[in-house]
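Peer 1: Before we start, here is the structure in question, set down as structure tokens.
The numbers here are math on the coordinates, done by the rules we state, and not lab data. Fair warning: this is a prediction, and the values are worked out from it, not measured in the lab. Here the Cβ is made from the backbone with ideal geometry for all residues, glycine too, and neighbour counts use every protein chain on show.
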Amino acid sequence: MRILIAACLLALVILPVVALGMARANYAPPAADAPAKKTTSDTTAPAKETTAVPAKKYSRSGYDVTPLPRARVEELAKKLDPEAYRVTQKAGTEPAFCGTLLDNHKDGAYCCVVCGLPLFSSANKFNSGTGWPSFFQPFDVAHVAGKQDNSHGMERVEINCARCDAHLGHVFDDGPKPTGLRFCLNGAALKFYEKSEQRPAESMPVKTETAYFAGGCFWGIEHYFQQAPGVISAESGYMQGSVDKPTYKEVCEQDDTAASKRPAGYKPHAEAVKVTFDPTTISYKDLLRGFFEMHDPTQMNRQGPDYGTQYRSGLYTTDDAQAAEAKAFVAELLAKNLFSGRKIVTEIEPAKTFFPAEAYHQDYLEQHPERGCHIGKPWWLNKKTAAAAP
Ligand SMILES: [Zn+2]
């Protein structure tokens, strides 16, 4: 016992200096107070335009990462044991080789001891030899915030829980592949849940629903849906066609073959966007409203300069309730005669398999702000209509 205590004290004094003195890591996750999605300066999304709706923040893996108010953090912190309180609330460092999670090799998730947000996964844990639990990447990049720490005469990147700002440890750039990063954790900041264990609600993703929209080129539709309050992710892909796992090239050339030379039952794909959303924040009807503001549903197999069946307007529904709502919404639009008597050609069909588009099509407009899709702004990006939003 005496030897163990001596080893811990030695580690407490020496190892932090060795490990923390290493080079500052090139880790740039979203800061705790940064917007979850940045706006771009292209024609579809002016940089300064922001929604008036106080939106929740979600990570791409489906967790609510809205920063907790200070009062709520203080309330949660009162339940911590003294060591967890010292580490997470006072930026303390636990002695090396003494935490209970260092040698934990079980499958599961390492969650924030304060607010429960999953921060690291056993799949990304490695033995760094430093005496602290080490990971080469977070559970989700939006769950771990980083900030410059120049204390103790060193330049380091402190890591914190993105939801409650708990101090977790630091990140260094001497980790293994594929990231080259070493997230050095205080075990006292983490609560481990085995894979088979039921995690509490605060450590689970929000309950989501899925909706599919086809409104011409998927770049712009995806870009705008991604900015809607309550939307967790928007993904570009192909669906409703009869070819499995189509490529972009195949979809572009799908109208080149005469119908008589097609196999029986052939159907072309549509460029579509899969929208995962939190129905407690935004309803399917509100998404429909935005969808019809973004594109012209009276154009057959065309949107703006893009011609072809892949640019058709479509709503691909996941259940009877969505189908009923989609049909009712179109009927409502027609009743209002918003399109000068022109017919709405939007097809409404049960969703078939969604095939995600190639990686370079995802977040395309965010990565290529010089490009733009010729589509209208949905209500959540329009100051006047956003103010009247639910
Ligand atoms: Zn937390």
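Peer 1: With just the Cα atoms of the range 196-331, tell me how far they stretch along each of the three principal axes, in Å, largest first.
Peer 2: Rounded to whole Å, the extents work out to 57, 39, 27 Å.
Peer 1: Quick one: give the max-minus-min coordinate of the C-alpha atoms of the range 127-196 along each principal axis, largest first, in Å.
Peer 2: Ordered largest first, the range 127-196 gives principal extents of 43, 28, 22 Å.
Peer 1: Report the semi-axes of the equivalent ellipsoid for the range 238-281 in whole Å, largest first, where each axis is √(5λ) for an eigenvalue λ of the Cα gyration tensor.
Peer 2: Value: 29, 11, 8 Å, ordered largest first.
Peer 1: Can you pull the three principal axis extents for the Cα set of the range 89-161, in Å, largest first?
Peer 2: Result, largest extent first: 37, 28, 21 Å.
Peer 1: Hey, what do the phi angles of the range 244-261 turn into as Karplus ³J(HN,Hα) couplings, whole Hz, using 6.51/-1.76/1.60 and θ = phi - 60°, x for Gly and Pro?
Peer 2: 6, 6, x, 9, 4, 4, 4, 5, 5, 9, 5, 8, 6, 9, 4, 4, 5, 9
Peer 1: Compare the peptides 313-320, 165-172, 300-307 by average per-residue count of other Cβ atoms within 10 angstrom and give them in order, highest first.
Peer 2: 165-172, 313-320, 300-307
Peer 1: Follow-up. Would you grab the residues whose amide H sits under 5 Å from the one on Val144? Only those 5+ places off in sequence or on another chain, please, with H modelled 1.01 Å from N.
Peer 2: Answer set, sorted by chain and number: Ala162.
Peer 1: Right, something else. To the nearest µm²/s, what D does Stokes-Einstein give for the range 167-249 at 10 °C and 1.306 mPa s, using the Kirkwood radius over alpha carbon pairs as Rh? Let's see the in-between values first.
Peer 2: Working: Rh = 17.7 Å.
Translational diffusion coefficient: 90 µm²/s.
Peer 1: Still on this structure, I have one more. Would you list the P(r) distribution for the range 259-390, with all Cα-Cα distances sorted into 5 Å bins from 0 and each bin expressed as a whole %?
Peer 2: 2, 8, 15, 21, 23, 17, 10, 4, 1, 1, 0
Peer 1: Enumerate the amide H contacts of Tyr58 below 5 Å, restricted to partners 5 or more residues apart or on another chain; note that Pro and chain-start residues carry no placed amide H.
Peer 2: So Tyr58 has HN proximity to Val65.
Peer 1: Given the pairs Lys125/Lys147; Lys57/Lys245; Lys267/Lys336; Lys57/Lys147; Lys274/Lys327; Lys57/Lys327, which span a C-alpha to C-alpha distance of over 27 angstrom in this model?
Peer 2: In this structure, Lys57/Lys245; Lys267/Lys336; Lys57/Lys327 exceed 27 Å between Cα atoms.
Peer 1: Can you give me the long-range amide H partners of Ser121? Hydrogens built in the peptide plane at 1.01 Å from N, cutoff under 5 Å, separation of 5 or more residues or another chain.
Peer 2: Under 5 Å from the amide H of Ser121 lie the amide H atoms of Tyr110, Phe139, each far enough along the sequence or on another chain.
Peer 1: Would you please put 342-351, 95-104, 183-192, 132-141 in order of how densely packed they are, using the mean number of other Cβ atoms within 10 angstrom per residue and starting with the highest?
Peer 2: Highest mean packing first, the order is 183-192, 132-141, 95-104, 342-351.
Peer 1: For Cys111, Cys252, which order do you get if you count the other beta carbons within 10 Å of each Cβ and list the fewest first?
Peer 2: Working: Cys111 24, Cys252 13.
Listed from fewest to most nearby Cβ atoms, that is Cys252, Cys111.
Peer 1: Could you please tell me the mean projected area of the C-alpha convex hull for the range 207-253, averaged over all directions and given in square nanometres to one decimal? Don't skip to the end; give the middle numbers.
Peer 2: Values: hull surface 16.2 nm².
Answer in nm², one decimal: 4.1.
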